[in-house]
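Asker: First, the structure itself, so that you have it in front of you.
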Amino acid sequence: MAITKSAKKALRQSLRKKSQNAKGRDGLRNAMKTARKGTDKTVKTLGEAYKAIDKALKRGLIKKNTAARRKALASKLLKK
């Protein structure tokens, strides 16, 4: 357990960041799942997946090449 004032603050910050990162990852996962298994594989679902991927990239949840790979996968699913 944190003892010093700065350690307590660091713990609060890390917990806040952890919850924000979890929300972002869940949103990305849900968008990809919708694009993959959605009944209406339209441009709208592809756009939502792209938006979630770009947000995750901007926030540092995924790396640049991972984002590119996931976008390619989503567009490939739309073509099928």
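The values are calculated or read from the model by the stated rules, or taken from the named source; none is laboratory data. Because the structure is a prediction, the values reported are computed rather than measured. Every residue, glycine as well, gets a Cβ built from its backbone with ideal geometry; the counts of neighbours run over all protein chains shown. The accessibility values were calculated without ligands, DNA or RNA, using every heavy atom of the protein model including side chains. Shrake-Rupley method; radii C 1.70, N 1.55, O 1.52, S 1.80 Å.
Asker: Among Ala72, Asn30, Met1, whose Cα projects farthest towards the positive end of the dipole of the chain, with charges put on the beta-carbon of Lys, Arg (+1) and Asp, Glu (-1)?
Answerer: Met1
Asker: Measure up Lys44/Lys79; Lys18/Lys76; Lys8/Lys64; Lys9/Lys64; Lys33/Lys55 against 22 Å on the Cα-Cα distance and list the ones that go over. Can you show the working numbers first?
Answerer: Numbers: Lys44/Lys79 13 Å; Lys18/Lys76 32 Å; Lys8/Lys64 33 Å; Lys9/Lys64 31 Å; Lys33/Lys55 16 Å.
Going by Cα-Cα distance, Lys18/Lys76; Lys8/Lys64; Lys9/Lys64 fall outside the 22 Å limit.
Asker: Between 0 and 90 degrees, rounded to the nearest ten: what's the tilt of helix 64-79 against the longest Cα principal axis of the chain?
Answerer: Its long axis makes an angle of about 30 degrees.
Asker: Carbon and sulfur: what percent of the chain's accessible surface (1.4 Å probe)? Walk me through the numbers before you get to the answer.
Answerer: Numbers: 3530 of 6420 Å².
After summing per-atom areas, the C and S share lands at 55 percent.
Asker: Roughly how many Å² is the accessible area per residue of the chain, as a whole number, for a 1.4 Å probe? Before the final figure, lay out the partial values.
Answerer: Working: 6420 Å² over 80 residues.
Value returned for the chain: 80 Å² of accessible area per residue.
Asker: Here are several values of P(r) over Cα pairs in 10 Å bins from 0, in percent: (i) 16, 34, 26, 20, 3; (ii) 18, 39, 21, 12, 8, 1; (iii) 15, 49, 32, 4, 0. Which one was derived from the coordinates shown?
Answerer: Answer label, from the structure shown: (ii).
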